[in-house]
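Q: Sharing a structure here in structure tokens format.
The values are calculated or read from the model by the stated rules, or taken from the named source; none is laboratory data. The shown structure was predicted, so the numbers you read here are calculated from the model rather than taken from an experiment. We place every Cβ from the backbone using ideal geometry, glycine too, and count neighbours over all the protein chains shown. Areas reflect the complete protein model, heavy atoms only, side chains present, ligands, DNA and RNA absent. Shrake-Rupley method; radii C 1.70, N 1.55, O 1.52, S 1.80 Å.
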Amino acid sequence: MQIQPQRLPGKQILVFLAIFIASVFLTMKIHHGKGFFNWQSEIWADKAGYYIFLPATFFYHWDISQFPPEIDSKTGYGFFVDRTNKVMVTQYYYGEALLLSPFFIATHFIAKVFGLDEYYGFSPLYHKAMNVAAIFYLVLGLWFLKKFLANYFKEGIQYLILFVTYIGTNLFYYSLDDTLMSHVYSFFAISLFLFAMKKFLDDTARYRYFLLMIITFGLMVAIRHTNVIVGICFMFWDAGSFRAMVQRLKMILRLKYILPFLAILFLFLLPQMIYWKYSHGSYIYLKYGIGFSNYNHPKLMEVWFATLNGLFPYSPVVLLFVAGMFLMIWKRIPNGIGILFIFLLVSYMAAAYHVWYYGCCFGHRAFVEYYPILCIPFGYLAASLVSMKNRILPVIIGVIACVMIFVNVAMSLSMEKCNFGSTWDTDQYIRQFARSGLFPRSMIPYSFKNDFEDETLTYGEHLAETPHRSGMFSIIFNKDYEFGCTRSAFIYNISRGTPKIVDVSLWVNKVTPFPLGAMIVCSYELNNAVVKWDSEKIDPFVTKEGEWFLVEKKFVVPAGLSGDTQIKVYVWNQMRTEFYVDDLLIRYE
């Protein structure tokens, strides 16, 4: 179905203006009172790593002596100021900073005119300006996405797709909360790329759209190198046949196209290459994070379904996007196979990454930038439902979609920046959902599970990659590690009140045939003083070396403990022997 794009009338401008104003108000409300230079502030960790290009350029002029003292530690080590080698090191790309630069410069100008505090580009004024910038690029991305959708859908379906994509997915969270992550900026760039690509494919004589397409492609890669996969769309979009795809490849290889493409791509990569030369001594430095070490055993099920940042548990409406892909393939609608391929490729890349859950995030953020592509099948699904004469199925799916959107919004607004749960920790997932106040606290189950995969739960622990009972890691105890697997909980935080039993289980694998001399300890502490404690020896459960054995103990909680008493569970390696622990589970009953 080809629908000619319509000119954007004034009333549509008002719609996008309303989205902008409402979103700015909401992002300011979300960030109000969270403070600065802490883990809940906006310029922190990864986000500071993207942002640092701006103050480094406009404030410090890449002179390490001008960087504020300990600014890297104050912003969560998203970058590192190496004062010995006189370089600033960040693993992130400069493209996002390029898009943010007009807002940064405008903020600097406003601060100078009104004599406002700047603190080297890290004052509250800059935090707020970056939030506005994220909303600006969100709305601009939605605008270009709508112009692209106008080629395929009626106006009502276009708005429905935009609404579901923004409100129903974790694009909502990364536009309003984690506004300095790269995803909303990539979302804008990919939307603009699709718009320009379609214009060029429909009329190759309009060379200006080809130039816009390749400029946007260069920008996408400068923001996040994995965005290069969007270039696949140019090969298959509306091609209709393999022969048409080959002809398109031959066309793009002509000198009038390939030379400008390579030149513009090089110009976008040049600043990054200069930075790599400055920071690492080489113009080519492709190492990003730990790398894709899971390429031969990708964590696909975890990426899609795990309660630890899985895609579908937090943005379930994306299931309808996937359903639309199969609908397109079944009805032989062009681009269906290509979009499914993009979805599977993004899934594989995320699942192959060493930290497959992508650290602290809401849902799986690897998909956010690709929603301009992945949302297209939802439009065909919605159009098919609208055209049905029998209204029962459309109403049922409509209700399900509303519930899915509600789950995304409710959990987005109550998210604590990080997911403090294990890979398949359903109790933690329920607790996250319950923060929205949908049901009484007394109904919430309380347990703690740690499979030692989530870095937010393993800080300070001694991780080992082998052996492990599940996932990729276990904890190693040895002569240098006496106390570990520690979990503390105040009684007033346990949802069902003071427990009567603390049920602890974990799996142990010892290295030698000799006794471990280790124990599980459950202590009750008030004002950092131990009120009472109990223990269970591990040796009776672990009968030989080289195998995993389940160790269990039910500790009886003393009566009369006050709400500010801490219940602390840990493993005490009293004899400093060597063994491994995995899959800790604590139930408060």
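Q: Does at least one position in segment 364-387 carry a residue that is farther than 30 Å from VAL228 by Cβ and of a type in the set (D, E, K, R)?
A: Within segment 364-387, none of the residues are farther than 30 Å from VAL228 by Cβ and of a type in the set (D, E, K, R).
Q: Okay, moving on. Tell me whether segment 316-324 contains one or more residues that are surrounded by 17 or more Cβ atoms within 10 Å (Cβ to Cβ) and assigned to a loop (DSSP other than H, G, I, E, B). Lay out the reasoning, then the answer.
A: First, the residues of segment 316-324 that are surrounded by 17 or more Cβ atoms within 10 Å (Cβ to Cβ): 316-318, 320-322, 324.
Of the ones still in play, those that are also assigned to a loop (DSSP other than H, G, I, E, B) are 316-317.
Checked segment 316-324: at least one residue is surrounded by 17 or more Cβ atoms within 10 Å (Cβ to Cβ) and assigned to a loop (DSSP other than H, G, I, E, B).
Q: Next question. Just a yes or no: is a residue in segment 516-528 over 19 Å from ASP582 (Cβ atoms) and open to solvent by 60 Å² or more (accessible area, probe 1.4 Å)?
A: yes
Q: Please find, among PRO394, PRO334, the residue that is assigned to a helix (DSSP H, G or I), open to solvent by 10 Å² or more (accessible area, probe 1.4 Å) and at pLDDT 90 or above.
A: Working: PRO334 fails: assigned to a helix (DSSP H, G or I).
Sole residue among the options that is assigned to a helix (DSSP H, G or I), open to solvent by 10 Å² or more (accessible area, probe 1.4 Å) and at pLDDT 90 or above: PRO394.
Q: Can you run down the residue pairs with Cβ atoms below 8 Å, 6 or more apart or on separate chains, where the first is in segment 296-318 and in contact (Cβ under 8 Å) with a residue 40 or more places away in the chain and the partner is among the hydroxyl-bearing types (Ser, Thr, Tyr) and open to solvent by 30 Å² or more (accessible area, probe 1.4 Å)?
A: PRO298/TYR348; LEU300/TYR348; THR307/THR426; THR307/TYR429; ASN309/TYR358; PRO313/TYR429
Every residue, every condition in (1) more than 22 Å from TRP424 (Cα to Cα); (2) buried (at least 20 other Cβ atoms within 10 Å of the Cβ); (3) out of contact with any helix residue (DSSP H, G or I) (no Cβ under 6 Å at 6 or more places or on another chain); (4) at pLDDT 95 or above, yes or no:
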| site | (1), (2), (3), (4) |
| --- | --- |
| TRP276 | yes, no, yes, yes |
| TYR285 | yes, no, no, no |
| TYR288 | yes, no, yes, no |
| GLU302 | no, yes, yes, yes |
| LEU311 | no, yes, no, yes |
| PHE326 | yes, no, yes, yes |
| VAL346 | no, yes, no, yes |
| GLY359 | no, no, yes, no |
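Q: Of all residues in segment 36-45, which are in contact with a Gly (Cβ under 9 Å, 6 or more places away or on another chain) and either open to solvent by less than 50 Å² (accessible area, probe 1.4 Å) or among the small types (Gly, Ala, Ser) (or both)? Spell out the reasoning first.
A: So in segment 36-45, the residues in contact with a Gly (Cβ under 9 Å, 6 or more places away or on another chain) come out as 37-39, 41, 43-45.
ASN38, SER41, ILE43, ALA45 - these are the residues of segment 36-45 that are in contact with a Gly (Cβ under 9 Å, 6 or more places away or on another chain) and either open to solvent by less than 50 Å² (accessible area, probe 1.4 Å) or among the small types (Gly, Ala, Ser) (or both).
Q: Hey, could you check segment 529-552 for residues that are among the basic types (Lys, Arg) and in contact with a strand residue (DSSP E or B) (Cβ under 6 Å, 6 or more places away or on another chain) and say which is least open to solvent (accessible area, probe 1.4 Å)? It would help to see each step written out before you state the result.
A: We begin by selecting, within segment 529-552, every residue among the basic types (Lys, Arg); these are 532, 537, 544.
Now restrict to residues that are in contact with a strand residue (DSSP E or B) (Cβ under 6 Å, 6 or more places away or on another chain): 532, 537.
Details: LYS532: 113, LYS537: 137 Å².
Going through the qualifying residues, I end up with LYS532.
Q: Name the residues in segment 315-330 that are touching a Ser or Thr at 6+ places or on another chain (Cβ under 8 Å) and not β-branched (Val, Ile, Thr), would you? Explain how you work it out, then say what you get.
A: Within segment 315-330, the first condition is being touching a Ser or Thr at 6+ places or on another chain (Cβ under 8 Å), and the residues that meet it are 315, 317-318, 327.
If the condition is that a residue be touching a Ser or Thr at 6+ places or on another chain (Cβ under 8 Å) and not β-branched (Val, Ile, Thr), then SER315, LEU327 are the ones that fit.
Q: Within segment 55-94, restricting attention to residues that are part of a loop (DSSP other than H, G, I, E, B) and in contact (Cβ under 8 Å) with a residue 60 or more places away in the chain, which residue is nearest to the chain's Cα centre (by Cα)? Don't jump to the end; show me each part of the working.
A: Going residue by residue through segment 55-94, those that are part of a loop (DSSP other than H, G, I, E, B) are 59-63, 67-70, 75-79, 83-86, 90-94.
Filter again for in contact (Cβ under 8 Å) with a residue 60 or more places away in the chain, leaving 59-60, 62, 90-94.
On the way: PHE59: 30, TYR60: 30, TRP62: 29, THR90: 18, GLN91: 17, TYR92: 15, TYR93: 17, TYR94: 19 Å.
Here the answer is TYR92.
Q: Next question, about the same structure. Take the residues in segment 219-244 that are open to solvent by less than 60 Å² (accessible area, probe 1.4 Å), part of a helix (DSSP H, G or I) and over 18 Å from PRO372 (Cα atoms), then tell me which one is modelled with the lowest pLDDT.
A: Here is the first cut: in segment 219-244, the residues open to solvent by less than 60 Å² (accessible area, probe 1.4 Å) are 219-227, 229-239, 241, 244.
Checking the rest, the ones that are also part of a helix (DSSP H, G or I) come to 219-223, 225-227, 229-236, 244.
From what is left, the residues that are over 18 Å from PRO372 (Cα atoms) are 222, 244.
Numbers: ALA222: 97, ALA244: 92.
Ranking the qualifying residues of segment 219-244, first place goes to ALA244.
Q: Based on this model, can you work out whether LYS128 counts as open to solvent by less than 30 Å² (accessible area, probe 1.4 Å) and charged (D, E, K, R)?
A: Values: open to solvent by less than 30 Å² (accessible area, probe 1.4 Å): no; charged (D, E, K, R): yes.
Answer is no for this residue.
Q: Further question: So if I check each of SER123, SER101, which one is surrounded by fewer than 23 Cβ atoms within 10 Å (Cβ to Cβ) and under 20 Å from GLY218 (Cα atoms)? Spell out how you get there, then give the answer.
A: Numbers: SER123 fails: under 20 Å from GLY218 (Cα atoms).
Result of the check over SER123, SER101: SER101.
Q: Can you find a residue that is charged (D, E, K, R), modelled with pLDDT of 95 or more and under 31 Å from the mean Cα position of the chain (by Cα) anywhere in segment 552-567? Talk me through it step by step, then tell me what you get.
A: Filtering segment 552-567 down to residues charged (D, E, K, R) leaves 552-554, 564.
With the extra rule that they be modelled with pLDDT of 95 or more, the set shrinks to 552-554.
Right, trim to under 31 Å from the mean Cα position of the chain (by Cα) and you get none.
Checking segment 552-567: not a single residue is charged (D, E, K, R), modelled with pLDDT of 95 or more and under 31 Å from the mean Cα position of the chain (by Cα).
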